[in-house]
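Report on one structure; see the data block that follows.
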Amino acid sequence: QLRIRVNTCLDKLCDRDTFSIASSQLENMARNLSGEEISSFLNCISGIDSSEKSIARCYCVSLLGVLSAAHGDSLAAHVPRMIAVVISRLRDPDSAVRSACVNAVTLITASISSTPLSVILSPLVVALFREQDRNAQTGLSLCLSAAVEARRREIDTAEMNKLLPRISKLVKSNGFRAKPSLLLFIGNIVNCGCRGSVSCSISTAIEFLSSDDWAARKAAAVVLIAAAGTDSAAEFKTQCVSALERRRFDKV
């Protein structure tokens, strides 16, 4: 019965005349699901494929956030599935769908607090190192930043300090094209108190200050701002000032 009602509403999402009613009904269903109905509901909203209209694809991802806000920790067992749905949507050519993915990760991370942060971060990191599509690379980087910001106090600094050199190597590789977004993630790692790899983040940022990509140069400046507040930043002062002096006419 639930599956029929959900699928009927999903069909109506693709029609502008019925979108408002269908979306309202789906949100109401999402907020009032019983524990036994959650899995079936997730099956339905994750079944939307790329052939559907963008508005439907976007809204189905947004429903993950509605579910998270409404049910909180009772969704803990479903978090891996929800993150998998997000990852599967990140190749979408529509930036609105990718933005919905980032918002969903924020709500999943913040609302389902009983789930260890590693359960959310690990599949995103694995996908980041495997993904070749630029849209997905951008989305994964932004999702990682969103998750870290949502549970900043729970960051495992030791694990992040191990991850940062790998991330720095990835952002420099020719195969990784979403460099500005990943640089912003590096800045978020440093902002969360992961001081062990400050030298790595600073050297990476300085290298990208000379990039031809304006967005990458701007993101590199953000990383340097984050690193400036660390205890070990002083030893890199001369190196940073010299790099910034060479770019003093850059509008970044």
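The values are calculated or read from the model by the stated rules, or taken from the named source; none is laboratory data. Just so we're clear, the structure is a prediction, and the values are computed from it rather than from any experiment. In this analysis, Cβ positions are derived from the backbone assuming ideal geometry, glycine residues included, and neighbour counts consider all displayed protein chains.
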Test for S122: is it surrounded by fewer than 18 Cβ atoms within 10 Å (Cβ to Cβ) and part of a loop (DSSP other than H, G, I, E, B): no
Test: I38 is of a type in the set (V, I, T) and modelled with pLDDT under 95: no
Test: A127 is in a helix (DSSP H, G or I), small (G, A, S) and surrounded by fewer than 18 Cβ atoms within 10 Å (Cβ to Cβ): no
Filter result for the condition that a residue is more than 14 Å from the chain's Cα centre (by Cα), assigned to a helix (DSSP H, G or I) and β-branched (V, I, T), over I167, I186: I167
Residue satisfying all of: in the stretch 55-88; under 19 Å from A136 (Cα atoms) and loosely packed, with under 15 Cβ neighbours inside 10 Å; farthest from the chain's Cα centre (by Cα) among these: P80
S168 hydroxyl-bearing (S, T, Y) and under 18 Å from S122 (Cα atoms): yes
For F176: the one exception among (1) at pLDDT 90 or above; (2) assigned to a helix (DSSP H, G or I): (2)
Test: residue in the stretch 108-123 that is closer than 17 Å to L26 by Cβ and not assigned by TED's automatic domain parsing to the domain that holds C192: no
Top-ranked residue in the stretch 208-245 [being in contact with a Lys or Arg (Cβ under 8 Å, 6 or more places away or on another chain) and modelled with pLDDT under 80; ranked as surrounded by the most Cβ atoms within 10 Å (Cβ to Cβ)]: T230
